[in-house]
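Everything below concerns the one structure shown next.
The values are calculated or read from the model by the stated rules, or taken from the named source; none is laboratory data. Please read all numbers here as calculations on a predicted model, not as lab measurements. Positions of Cβ are backbone-derived with ideal geometry, glycine not excepted, and every protein chain shown enters the neighbour counts.
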């Protein structure tokens, strides 16, 4: 669990197979450090150049001890982001990002795992198709089905397209097994689907699922303890035959 970002004071580890999970958590982690770290991902940092007598940039780079406070702040944001990214990847991933600019590192990792714009669009289309076709299985619990929905939603968000809460709620309601038909009707008639939270829906469905399970167990238990009249009758008949 620790390798999956169990601690709040360090980012999750990108190992090459968990990019969708890693990206969501890394974005939040960078934003939590300070405003400069995430901005270093959005805007490329450049080493401050020496200016000529007219105030124009030259090709010569300014010594660090000569940086202004603003230049120091921008550089610090870049280096904090680099530190977070370097510590957020395994050794194999680190080989790809031997850079001094945080945005370059981020772009390399994004292109490596998301591909070009065309590839990204193609992946989004596949994810959308998978999302629309997903149905709850008869032997699947609400919790497991919810996790499958979230897995797809997280991949889509990592690719730049976030599902709305309403879309997730409606998808869940129309993808449940027949055992939930009456519950779905009740929810749609009594709840404002547009403003309903996914967590509230799942909790309601889990309570209904538990009630169904308890009822089924009681019914099966009752059947198991019914007297076997046919056996009793047979024994009685057998004794009667013996007397004759």
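Which of the helices (runs of 4 or more DSSP H) found entirely inside region 107-222 contain at least 1 residues meeting this: closer than 20 Å to residue 18 by Cα and in contact with a helix residue (DSSP H, G or I) (Cβ under 8 Å, 6 or more places away or on another chain)? Walk me through it before giving the result.
Numbers: elements: 117-133, 142-158, 165-173, 181-190.
Counting at least 1 such residues, we get 117-133, 142-158.
For region 155-170, the set of residues classified as within 14 Å of residue 134 (Cβ to Cβ) and in contact (Cβ under 8 Å) with a residue 60 or more places away in the chain consists of 155 only. Exactly one residue out of 92, 78, 98 is loosely packed, with under 12 Cβ neighbours inside 10 Å and assigned to a helix (DSSP H, G or I), and it is 92. Could you check region 83-97 and list, in sequence order, the residues that are more than 16 Å from residue 10 (Cα to Cα) and either modelled with pLDDT of 95 or more or out of contact with any helix residue (DSSP H, G or I) (no Cβ under 6 Å at 6 or more places or on another chain) (or both)? Answer for region 83-97, where residues must be more than 16 Å from residue 10 (Cα to Cα) and either modelled with pLDDT of 95 or more or out of contact with any helix residue (DSSP H, G or I) (no Cβ under 6 Å at 6 or more places or on another chain) (or both): 91, 92, 93, 94, 95. Restricting to region 47-58, and then to whatever is touching a helix residue (DSSP H, G or I) at 6+ places or on another chain (Cβ under 9 Å) and either at pLDDT below 90 or closer than 19 Å to residue 99 by Cα (or both), can you tell me which residue is surrounded by the fewest Cβ atoms within 10 Å (Cβ to Cβ)? Checked region 47-58; the qualifying residue surrounded by the fewest Cβ atoms within 10 Å (Cβ to Cβ) is 47.
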